[in-house]
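For reference, the structure is listed below as structure tokens.
The values are calculated or read from the model by the stated rules, or taken from the named source; none is laboratory data. Computed from a predicted structure; not experimentally measured. Neighbour counts are summed over all protein chains in view; Cβ atoms, including those assigned to glycine, are modelled from backbone coordinates with ideal geometry. Please note that ligands, DNA and RNA were not included when accessible areas were found on the heavy atoms of the full protein model with its side chains. Shrake-Rupley method; radii C 1.70, N 1.55, O 1.52, S 1.80 Å.
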Amino acid sequence: MADLYENAPCGYLSLSPHGRIVKVNTTLANWLDTPAERLLNRTIHELLSVGGRIAYETHLAPLLRMQGFVFEIALDLVQRDGRKVPVLANATERRDDSGHHIFTRLTLFKAVDRRTYERSLLEARIRAETVAKAEQETAALREQFIAVLGHDLRNPLAALAAGVRMLTEREALSERGIRVAKEMGSTVARASALVDNLLDFARGRLGEGLTLSRESEVPIEPILEQVVAEIQAVHPERAIITEFAIEGPIACDPARIGQLAANLLSNAVTHGAADAPIRVQAFTKDAHFVFSVANGGDPIPLAARERLFQPFARGDVRKSQNGLGLGLFIVSEIARAHGGTVGVKSSDEETRFTFTMPLEHE
């Protein structure tokens, strides 16, 4: 049995409830050109490409939580030298009698021929556009942009459709139906945030930059209260304490400020200690508007803080949580577009992100 597992014609992977690898077979280790023991305790996100992370977070993981299994999800693994290994993933969740998640099993099958054909169509389009572009960096970013829009954005719709089907099969919501509805809401909210961040990232890097629609008489407090209410509705178990002292309207883009606040608050919910309250402050002082979000938990290492606001750099900051690393990058872009700054201070007591912008702008 051991030989059958280790040398199967497919890859086997077992994950802890936090997404860490607890068991892997030799076949998969060979595909990744990495010894099996060096894969243990790493997160599944570390083995995936950027597109693979999106598919995992917005399609595979939500469906797995809702129905306990998924079949034939297209992912890209990444070898040590950066080469991609296209696979199709089947996954099941194992839960105990009380419903607690014990572990997740994944079976991975190579899909070189099928994915090669799909990529050839995409690459043909990319090559045609690259010819018209002078700079290689812009062409590479456009490839990433097209790949995300053309392939992975259908995954949130699939997750939503699956949840709707499960709800409509029942005349009244059972306890399970209520749980599914809640998961659907969380999935849709997360997918929407991913889409917004990806589009903003693409616009910024493809030369358009973030667009602002400044309004001179904006009551900013209701906007911030709405953002807090929306996050609280999705995470009712988290304590969020607000303290607002804003004098008069603020000249800003209200939608962008709301996006900035939502990203910082979501970041605190994801990475902060679950048993510590999140503190949200906003006030005007010395001709500046200041907004901050603070959470408890382990401090962010100094070396990691230097990379926090870079795109795709968030995933290796917290080993317990992984993401695309675009939220804080978008926050910094919104701050810059308003002529302001965003910074972070992190200690054993708290981690605080602070956005500051002048009330008068040129």
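General remarks:
- Segments classed as strands (runs of 3 or more DSSP E), wholly inside the range 248-296, with at least 2 members that are β-branched (Val, Ile, Thr) and crowded, with 21+ Cβ neighbours inside 10 Å: 278-285
- Gly325, sole failed condition from (1) at pLDDT 85 or above; (2) under 29 Å from Ala61 (Cβ atoms); (3) in contact with a Pro (Cβ under 7 Å, 6 or more places away or on another chain): (1)
- Among the conditions (1) within 30 Å of Glu360 (Cβ to Cβ); (2) in contact with a helix residue (DSSP H, G or I) (Cβ under 9 Å, 6 or more places away or on another chain), Arg238 misses just one, which is (1).
- Any hit, the range 89-108, residues being in contact (Cβ under 8 Å) with a residue 40 or more places away in the chain, assigned to a strand (DSSP E or B), within 26 Å of Gly177 (Cα to Cα) and open to solvent by less than 40 Å² (accessible area, probe 1.4 Å): yes
- Where a residue in the range 28-50 is at negative phi and assigned to a loop (DSSP other than H, G, I, E, B) and its partner, wherever it lies, is buried (at least 17 other Cβ atoms within 10 Å of the Cβ) and small (Gly, Ala, Ser), with Cβ under 7 Å and at least six apart: Pro35/Ala29
- Qualifying residue in the range 6-22 (condition: among the β-branched types (Val, Ile, Thr), assigned to a helix (DSSP H, G or I) and at pLDDT 90 or above): no
- Some residue of the range 121-142 being hydroxyl-bearing (Ser, Thr, Tyr), part of a helix (DSSP H, G or I) and modelled with pLDDT under 85: yes
- Considered as a group, the residues in the range 26-54 that are touching a strand residue (DSSP E or B) at 6+ places or on another chain (Cβ under 7 Å) and within 26 Å of Gly99 (Cβ to Cβ) include one that is surrounded by the fewest Cβ atoms within 10 Å (Cβ to Cβ), and that residue is Asn41.
- Residue check, Glu230 in a loop (DSSP other than H, G, I, E, B), open to solvent by 20 Å² or more (accessible area, probe 1.4 Å) and at pLDDT below 90: no
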